[in-house]
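K.L.:
Pasting in a structure now, in structure tokens, and then I'll have a few things to ask.
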Amino acid sequence: MRACRLIDITFVSTLLYISDAPLIQESRQPAGRPTAPIHYTMSDEDTAAPLVMEDLPGVLKLLSDGSVVRGDEAVLWPKDPLPDVPGVQWKDALYHAPRGLSVRVYRPSSPVKTAGGPKLPVLVYFHGGGYCLGSFAQPHFHTYCLRAAAELPAVVLSVQYRLAPEHRLPAAIQDGAAFLSWLRDQAELGVGADLWLAESADFGRTFISGASAGANLAHHVTVQAASAQEDVHPVRLAGYVLISAFFGGAERTETEADPPADVSLTVEGSDMFWRMSLPVGASRDHPVTNPFGPESPSLASVDLPPVLVVAPESDVLRDRVMGYAATLREMGKAVEVAEFAGEQHGFSVLRPFGEAANELMRVLKRFVYTSTLSNSTSHSHCALMCW
């Protein structure tokens with residue numbers, strides 16, 4: 001049986017910088033193509049077919065003229081059918097009409113919490129995919145959210161956001177901030193809010209979470225909210241959860257320079273996703289990629305809630321993830337680290353009913369319900385093995 005090592009440590013805070021600048025690629029034009037006509041004399045070279053700049057075979061191509069060709073992402077996922085998760089209701093709701101963005105709302109179907117009765121914590125979830133792939137409707141992400149709603153239990157909100165390279169960063173982070181504003185509005189509306197949220201959601205126990213790129217997004221959304229808490233009240237962020245977080249940097253870590261065998265995400269794949277998602281010309285030390293890099297503002301003064309950092313052992317990003325936790329610890333923030341021995345990047349959704357995924361649900365449940373019992377942002381020091 002594989003071991004999950006849990007470590008409670010005390011750690012510091014973060015800051016933010018993402019502006020609400022004009023959104024990238026709001027139009028339907030290919031990424032990077034100018035909106036105004038440019039007149040010039042065409043040569044034979046100009047009329048040549050565009051070159052393939054980035055290629056994930058059969059799934060995604062970025063061409064030299066900025067256009068994007070998408071294929072079927074199903075080839076990236078395990079083919080085994082997923083079992084049903086009973087006892088959960090779900091529906092989609094629009095949270096940003098101009099951008100056509102929705103959130104998938106999950107809640108336990110029995111018993112349905114009614115007005116005046118005990119309500120459930122809220123778990124916001126951002127899917128992974130290197131900021132370039134994925135969907136809240138993808139079956140493995142959907143199954144993960146069904147399990148979380150049933151087993152925590154919780155109201156789970158799986159958020160759609162715009163993808164690169166059509167919409168380069170910080171578009172996804174702006175979408176995350178827009179969603180949190182929508183959630184604040186729902187909390188303020190009370191009985192006028194979405195019926196499921198009004199009946200079942202305890203907005204005072206809200207957790208921001210995500211996997212891979214979704215964990216990167218969860219970090220930035222949490223930092224934004226913690227930097228201006230009045231903007232989200234009456235929503236209270238009780239904690240955040242980063243699963244296999246997608247961070248990077250210009251300088252290679254040990255696990256990037258000498259990766260574990262049989263990784264599910266390679267260094268080359270990680271680099272490609274950053275090239276397609278970051279602003280054109282940005283390096284991997286961009287603040288979105290490297291929250292503690294030379295281009296990033298200090299997070300020491302940000303009053304972050306407790307964080308659960310989930311670190312699979314066989315991941316090229318393991319050193320990034322553990323370094324994130326260690327840096328926050330040095331700042332005095334409340335951090336809990338769960339290391340999953342032998343597991344790969346994305347294990348939580350690639351094998352959603354595996355032994356490690358089952359253990360993750362237990363760890364997540366304990367974190368959510370322990371964090372909601374107290375307003376404290378520090379945890380006691382301990383180390384234990386979970387089997």
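K.L.:
Out of LEU217, LEU197, report the one residue that is surrounded by fewer than 24 Cβ atoms within 10 Å (Cβ to Cβ) and of a type in the set (A, V, I, L, M).
P.N.:
On the way: LEU217 fails: surrounded by fewer than 24 Cβ atoms within 10 Å (Cβ to Cβ).
From the options LEU217, LEU197, the qualifying one is LEU197.
K.L.:
Hey, does the stretch 102-109 have a residue that's in a loop (DSSP other than H, G, I, E, B) and at pLDDT below 95? Write out each step before concluding.
P.N.:
Start the filter on the stretch 102-109 by keeping residues that are in a loop (DSSP other than H, G, I, E, B), which leaves 109.
Among the residues that remain, those that are also at pLDDT below 95 are: 109.
Scanning the stretch 102-109, I find at least one residue that is in a loop (DSSP other than H, G, I, E, B) and at pLDDT below 95, so the answer is yes.
K.L.:
Same structure, new question: Can you find a residue that is touching a strand residue (DSSP E or B) at 6+ places or on another chain (Cβ under 6 Å) and aromatic (Phe, Trp, Tyr) anywhere in the stretch 330-343?
P.N.:
Within the stretch 330-343, one or more residues are touching a strand residue (DSSP E or B) at 6+ places or on another chain (Cβ under 6 Å) and aromatic (Phe, Trp, Tyr).
K.L.:
Assigned to a strand (DSSP E or B) and under 26 Å from SER277 (Cα atoms): does that describe ALA311? Spell out how you get there, then give the answer.
P.N.:
On the way: assigned to a strand (DSSP E or B): yes; under 26 Å from SER277 (Cα atoms): yes.
Here the answer is yes, as ALA311 does meet what is asked.
Here's the yes/no breakdown for (1) of a type in the set (A, V, I, L, M); (2) under 29 Å from GLY190 (Cα atoms); (3) in contact with a strand residue (DSSP E or B) (Cβ under 9 Å, 6 or more places away or on another chain):
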{"position": "GLN89", "(1), (2), (3)": "no, yes, yes"}
{"position": "ALA97", "(1), (2), (3)": "yes, yes, no"}
{"position": "ARG107", "(1), (2), (3)": "no, yes, yes"}
{"position": "ALA150", "(1), (2), (3)": "yes, yes, yes"}
{"position": "PRO153", "(1), (2), (3)": "no, yes, yes"}
{"position": "TYR161", "(1), (2), (3)": "no, yes, yes"}
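K.L.:
From the set of residues in the stretch 226-250 that are surrounded by fewer than 18 Cβ atoms within 10 Å (Cβ to Cβ) and either among the hydroxyl-bearing types (Ser, Thr, Tyr) or touching a residue at least 24 places away in the same chain (Cβ under 8 Å) (or both), which is nearest to SER181 (Cα to Cα)? Outline the logic, then answer.
P.N.:
Just the residues of the stretch 226-250 that are surrounded by fewer than 18 Cβ atoms within 10 Å (Cβ to Cβ), to begin with: 228-231, 233-234, 250.
Next, from what is left, pick out any that are either among the hydroxyl-bearing types (Ser, Thr, Tyr) or touching a residue at least 24 places away in the same chain (Cβ under 8 Å) (or both): 229, 231, 233-234, 250.
Values: GLN229: 12, ASP231: 8, HIS233: 10, PRO234: 11, ALA250: 33 Å.
Among those that are surrounded by fewer than 18 Cβ atoms within 10 Å (Cβ to Cβ) and either among the hydroxyl-bearing types (Ser, Thr, Tyr) or touching a residue at least 24 places away in the same chain (Cβ under 8 Å) (or both), it is ASP231.
K.L.:
Taking SER264 as meeting all but one of (1) in contact with a Gly (Cβ under 8 Å, 6 or more places away or on another chain); (2) over 17 Å from ALA211 (Cα atoms), write down the number of the exception.
P.N.:
(2)
K.L.:
Can you tell me which of ASP84, ASP92, ASP175 is out of contact with any helix residue (DSSP H, G or I) (no Cβ under 6 Å at 6 or more places or on another chain) and in a loop (DSSP other than H, G, I, E, B)?
P.N.:
The conditions single out ASP84.
K.L.:
Which residues, counting only those in the stretch 324-361, are basic (Lys, Arg), surrounded by fewer than 19 Cβ atoms within 10 Å (Cβ to Cβ) and assigned to a loop (DSSP other than H, G, I, E, B)?
P.N.:
Keep residues of the stretch 324-361 that are basic (Lys, Arg), which gives 329, 333, 351.
If we keep only those that are surrounded by fewer than 19 Cβ atoms within 10 Å (Cβ to Cβ) too, we end up with 329, 351.
Correct list: ARG351 only.
The values are calculated or read from the model by the stated rules, or taken from the named source; none is laboratory data. On a predicted model such as this, the values are computed, not experimentally measured, just so you know. Glycine also receives a Cβ, built like all others from the backbone with ideal geometry; neighbour counts cover every protein chain displayed.
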